[in-house]
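Visitor: Just dropping this structure here.
Each value in this text was obtained by applying a stated rule to the coordinates, not by laboratory testing. Computed from a prediction, not measured in an experiment: that's the story for all the values here. Cβ sites come from the backbone with ideal geometry, for glycine too, and all protein chains shown count toward neighbours.
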Amino acid sequence: MEELKRQREVQERANETITAQLEQLVLTAPRSEVPSPSPDIPPAAPESASPSREPRLPPPERFSGEESGCGSFLTQCSLIFELQPSSFPTDRSRIAYLMTEPETILPASCLTTTLTWEVEATVRRLQATQPDPGGGPPGRMFVPDQARAAVLAWGHDSNLACHLGARRTLEFIRRQFWWPAMGKDVPEFVSACMVIPMY
């Protein structure tokens, strides 16, 4: 009995040592450089210098689609969400993070169909009254004035978007659409959101 108690104490001390070492590694790990935002996106609020500041971890490696890599990918995601709880307080915020990374999670070889959003049909219909003026990014649909509210709502309010902040909403909408003043319109739309302050 005494031997079991002593072994348990040794194990607890070892666990505490390993936990402290892991925390130290996370806090001292080199941080990846974040590209500076484009001029039409307002800068994010500076992080506070409080001692409880969460570590900034790089995004998980892109999922290859291979079953053998699934466990590693899920572990990376779990670590990010666990070590940054205030950045990802809800399941919706976690899903939004994974959907809006610079590269999508699944490679193109894993895609089996093309998805068309209802908002695309609205944009195409309204392009008959206000055609694409040209000069936009290749592969993106021009959004006429009358369709912009629908695109903004789709890119921010829909269950797919999960009320992202201004930067991520703009990144999300820019994957599919464009219009000349979107760098100004998106932050204005997001700033009027009544849901974001609840998160």
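Visitor: For a quick check: sort 5, 184 by the number of other beta carbons within 10 angstrom, fewest at the front.
Guide: Sorted ascending by nearby Cβ count, the order is 5, 184.
Visitor: Using 1/(1 + (r/R0)^6) with R0 = 41 angstrom and r between the beta carbons of residue 11 and residue 84, what's the FRET efficiency to the nearest 0.05?
Guide: 0.90
Visitor: Counting other beta carbons within 10 Å of each residue's own, what order do 2, 61 fall into, fewest first?
Guide: 2, 61
Visitor: Please list log₁₀ I(q)/I(0) at q = 0.21, 0.23, 0.26 Å⁻¹ for region 118-198, using the Debye equation with identical point scatterers on the alpha-carbon positions.
Guide: The Cα Debye sum returns log10 ratios of -0.92, -1.08, -1.32.
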